Amino acid sequence: MFQSRRPSARNFSVAVYLYQPGDGGLDRVAILLANHLLRRGVPVELWMTRTDGACAHLIDPALTIRHVPTVGGTRRLSMIAQFPALATMVRRHRPDILYSAGNQSNMLVALATLGTATQAVSRISNPIVRPGQHGPSAWMRLKRFRAIAWLSDLTIVMGEHDRALLAQSGDARLLPRPTVTRAMEQACSGRAPRRPGDPWRLLMVGRLAGQKDQAMALTALGQLRHHDWRLTIAGQGPLRADLERQCVALGIADRVDFAGFVCDPDRLAALMGQTDLLLQPSRWEGLCATLIEAMACGADVVATDSTPNIRPLLAAGGQHPVTPVGDAGAFARAIERSMTRPAPAAMRAVAIRDHSVDRALDRYLRAFEGLAGSRVRQPIPSPALS
């Protein structure tokens with residue numbers, strides 16, 4: 001049954017549902033959360049469909065992992081088909097809280113806990129309404145998110161904009177994103193100042209896919225060939241060959257290094273610590289951890305208006321305002337201005353302070369404690385507490 005391999009100091013239990021430990025930010029957050037709860041004495045388990053993936057090495061070996069069976073198919077269809085199995089697991093193991101890693105699993109987790117004493121926690125990991133989305137599609141998407149929030153006992157959002165959209169749909173709380181690690185702080189303190197005459201060191205981090213829109217950023221950089229810069233692209237995905245061909249066509253191939261997916265957080269922190277400017281050209285995001293990571297490592301940021309949630313963060317950090325999604329000309333101008341007007345280090349530090357991993361995850365823990373304490377205890381106690 002539901003057990004922890006360490007002595008329990010808490011009177012509630014948590015199951016973290018994660019489809020697989022992939023290369024996305026939501027996967028990392030879910031694993032970090034499970035690890036943190038374990039260290040804090042909470043009986044916690046990871047419930048996963050697959051255990052292989054880019055972030056699998058981050059899982060604490062002491063964590064109990066349970067397999068959630070499915071029938072296969074695409075990830076979305078596979079998750080839909082998991083409902084009977086997940087609902088059965090909830091009733092068999094009876095965790096006090098079932099946490100969903102992100103948008104795709106929020107409805108699954110909320111429905112699997114209906115009619116039980118287990119409380120569902122959903123986490124918004126991408127915009128509720130995407131930039132540029134209007135009309136019936138935007139209305140339907142908002143209605144779906146509000147329905148999920150209404151079914152969930154707690155919805156974790158990443159910005160005031162999202163919280164306002166869900167204000168009438170249950171308990172929606174803004175919690176910091178657990179992002180800033182000790183390695184990032186060390187990368188920042190160990191930064192070598194940029195010397196006059198050195199090339200500008202630019203970085204993009206993210207899956208090479210349409211959402212991240214690296215192609216637009218490359219077009220912008222093609223307009224800045226008169227500046228001395230070098231770009232590293234950290235990520236893997238289906239568009240790599242297209243992006244490499246674009247670099248050749250733009251005449252910038254000799255300035256761009258495709259580094260592949262960087263799965264080691266310490267290595268990524270070191271890379272950011274050597275970066276002057278992070279480029280974030282996404283079409284949509286939830287909050288985007290790489291912005292926080294880069295500022296934590298001492299780099300400045302140029303970003304598109306991929307979500308209203310990043311506007312306060314960039315303003316607090318003294319960064320250039322967001323540019324319109326897909327506008328290469330505006331993105332190029334923002335890069336050029338950021339090269340000449342770096343932000344004060346103190347502003348960056350204040351902006352990301354609440355996003356340190358331990359501080360942010362303790363906020364999650366306190367939210368879970370309050371949630372578990374708000375409901376009358378079930379007549380049959382959770383096996384985790386027996």
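The values are calculated or read from the model by the stated rules, or taken from the named source; none is laboratory data. Because the structure is predicted, anything quoted here is derived from the model rather than measured. As a convention, Cβ positions derive from the backbone with ideal geometry for all residues, glycine included, and neighbour counts pool all protein chains shown.
Does residue 148 satisfy the criteria of being under 30 Å from residue 349 (Cβ atoms) and β-branched (Val, Ile, Thr)? Here the answer is no, as residue 148 does not meet what is asked. On the given criteria, is residue 111 outside any loop (DSSP other than H, G, I, E, B), surrounded by fewer than 21 Cβ atoms within 10 Å (Cβ to Cβ) and modelled with pLDDT of 95 or more? Criteria met by residue 111.
Within region 18-65, if we keep just the residues that are hydrophobic (A, V, I, L, M, F, W, C) and assigned to a strand (DSSP E or B), the residue that is nearest to residue 103 (Cα to Cα) turns out to be 18. Checked against (1) within 17 Å of the chain's Cα centre (by Cα); (2) within 16 Å of residue 193 (Cα to Cα), residue 286 passes all but condition (2). When you check residue 367 against the structure, is it hydrophobic (A, V, I, L, M, F, W, C), at pLDDT 95 or above and not in a helix (DSSP H, G or I), yes or no? Against the criterion (hydrophobic (A, V, I, L, M, F, W, C), at pLDDT 95 or above and not in a helix (DSSP H, G or I)), residue 367 does not qualify. Residue 178 passes all but one of (1) assigned to a loop (DSSP other than H, G, I, E, B); (2) at pLDDT 95 or above; (3) crowded, with 23+ Cβ neighbours inside 10 Å; which number fails? With (1) assigned to a loop (DSSP other than H, G, I, E, B); (2) at pLDDT 95 or above; (3) crowded, with 23+ Cβ neighbours inside 10 Å applied to residue 178, the lone miss is (2). Inside region 339-364, residues that are surrounded by fewer than 20 Cβ atoms within 10 Å (Cβ to Cβ) and either of a type in the set (A, V, I, L, M) or over 30 Å from residue 99 (Cα atoms) (or both) make up a count of 11.
Please work out if residue 74 is surrounded by fewer than 16 Cβ atoms within 10 Å (Cβ to Cβ), within 22 Å of residue 371 (Cβ to Cβ) and not hydrophobic (A, V, I, L, M, F, W, C). First the steps, then the outcome.
Numbers: surrounded by fewer than 16 Cβ atoms within 10 Å (Cβ to Cβ): yes; within 22 Å of residue 371 (Cβ to Cβ): no; not hydrophobic (A, V, I, L, M, F, W, C): yes.
When the stated conditions are applied, residue 74 does not pass them.
For first residues located in region 44-59 and in the same structural domain as residue 27 (by TED's automatic domain parsing) and within 15 Å of residue 89 (Cβ to Cβ), partners that are small (Gly, Ala, Ser) and surrounded by fewer than 23 Cβ atoms within 10 Å (Cβ to Cβ) and lie 6+ apart or on another chain with Cβ distances below 7 Å form the pairs 44/4; 49/78.
I'd like the residue in region 291-334 that is in a loop (DSSP other than H, G, I, E, B) and aliphatic (A, V, I, L, M) and, out of all such residues, is nearest to residue 158 (Cα to Cα). Write out each step before concluding.
Residues of region 291-334 in a loop (DSSP other than H, G, I, E, B): 297-299, 305-309, 317-322, 324-327.
Then keep just the ones that are aliphatic (A, V, I, L, M); that gives 299, 322, 325.
Numbers: 299: 22, 322: 17, 325: 20 Å.
Checked region 291-334; the qualifying residue nearest to residue 158 (Cα to Cα) is 322.
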